[in-house]
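Some notes on the structure that comes next.
The values are calculated or read from the model by the stated rules, or taken from the named source; none is laboratory data. Predicted, not measured: the structure shown is a model, and the values here were computed from it. Here the Cβ positions follow ideal geometry from the backbone for every residue, glycine too, while neighbour counts run over all protein chains shown.
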Amino acid sequence: MSELVRDGIQEVHIAGESFVLRDLQPSDEADQKALLALHTEVFGSAADTSWFGWKYWQGGGQGVGLWLGTSMVAYCGGTPRSVCHQGAWKHDLQIGDVMVAPEWRGVLTRRGPFFHVCDRFYRSRIGAGQPFDVAWGFPNQRHLHLAVKMGLSWDAGLMHGLTWTTAGAALPWHIRSEPWQIEADTSPDNPPDGLFDRTIQMLWTQMKRSPAAAGVSLGIRDAAYLRWRYLHRPDRNYQWVCVRRAWSTRPLGVAVVAEAPSDGALLWLDWIGPMQHLPLAALACRTHARQVGATYLNAWASEPVCLALADSGVNHRSVVAGLGVPVASDVTDNQVAALNWWFMGGDTDFL
């Protein structure tokens, strides 16, 4: 049971306790501390004020929290992302940081903390007449099943983990790949690097004009987005790998990988360039991974990306996450399957 009391604040009664349900105020230091404390408790993360500034100030993040006294016990948030859905640009919302304090998980599951924060966040932001047309996220299978059961989300498919071995990986004689050193100061307060912007704009234009792009939902990969996603992120470092023909300085595309291998594997996060070059990008990343001492190359991929990489020598494929689309989105259940998401690991906000 809940009652609207004032200024968009709801009093919510769950299991005999009285909670406050309201929007996160990013400028409020107490709200920031409460979100970071819950994030650390739920995910065991090292999220701090610099991470908060990256996501909620630079990235325009927003969300709804449930408070018990001064403690946040549940939260659902998201960040804006422009997406081209089969040729039509939409203002979408990427769902993230969905979390419930351990002691409140499973309490009145159908109308508990998880339901209240998600329901209010989705209804207040997403759908016809709202700021965002479609929302999507990468929940684990358990959370996706719960959201579907509650009528909050549709099951929109799966994200797969792909693995290649790096042994013997080598590019053909006419292709080169090398780390791309971006010289510009990456501070958000400094002007962008001209070479970075020109190169990415060229490759992004080629990517969105790829024949395959007409049939998928493709998140924007322009210079402004990539600068925020990879260059400005304070808690992660990434490596850029430029792929080109041997006789040309003009790149065929640029891949983004983790800065260094972890547990013997290097993570490939993104590709900016024509979609038809994706198998070549995989080979370039395998070659780079071998050169930096990795035994394996890993990547996350939605089904269209998996199909594009079918002949790239994948050694193993497994399910790593689901794809959830809130039912508040401005699509019907019959249209969800046709969204045909082109997602890689970089489309998440946590890899």
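Just give me the residues in segment 220-237 being surrounded by fewer than 19 Cβ atoms within 10 Å (Cβ to Cβ) and outside any loop (DSSP other than H, G, I, E, B), in sequence order. Selection gives 224, 225, 228.
Only a single criterion out of (1) touching a residue at least 12 places away in the same chain (Cβ under 8 Å); (2) surrounded by fewer than 23 Cβ atoms within 10 Å (Cβ to Cβ); (3) of a type in the set (Ser, Thr, Tyr) is not satisfied by residue 217, namely (2). Of 65, 77, 61, all but one fail to be in the same structural domain as residue 122 (by TED's automatic domain parsing), in contact (Cβ under 8 Å) with a residue 12 or more places away in the chain and farther than 24 Å from residue 103 by Cα; the exception is 61.
Would you be able to say whether some residue in segment 63-71 is outside any strand (DSSP E or B) and either closer than 25 Å to residue 236 by Cα or of a type in the set (Ser, Thr, Tyr) (or both)? Yes, segment 63-71 contains a residue that is outside any strand (DSSP E or B) and either closer than 25 Å to residue 236 by Cα or of a type in the set (Ser, Thr, Tyr) (or both).
This table checks each residue for (1) at pLDDT below 95; (2) hydroxyl-bearing (Ser, Thr, Tyr).
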| site | (1), (2) |
| --- | --- |
| 195 | yes, no |
| 204 | no, no |
| 210 | no, yes |
| 229 | no, no |
| 244 | no, no |
| 251 | no, no |
| 257 | no, no |
| 262 | yes, yes |
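Among the residues of segment 246-273, those identified as of a type outside the set (A, V, I, L, M) and touching a Pro at 6+ places or on another chain (Cβ under 9 Å) are 253, 273.
For residue 12, state whether it is in contact with a helix residue (DSSP H, G or I) (Cβ under 9 Å, 6 or more places away or on another chain) and among the β-branched types (Val, Ile, Thr). Yes.
Looking only at residues in segment 98-130 that are among the aromatic types (Phe, Trp, Tyr) and modelled with pLDDT under 95, which one is farthest from the chain's Cα centre (by Cα)? Among those that are among the aromatic types (Phe, Trp, Tyr) and modelled with pLDDT under 95, it is 104.
The condition (being part of a helix (DSSP H, G or I), in contact with a His (Cβ under 9 Å, 6 or more places away or on another chain) and surrounded by 19 or more Cβ atoms within 10 Å (Cβ to Cβ)) is satisfied by just one residue among 54, 164: 54.
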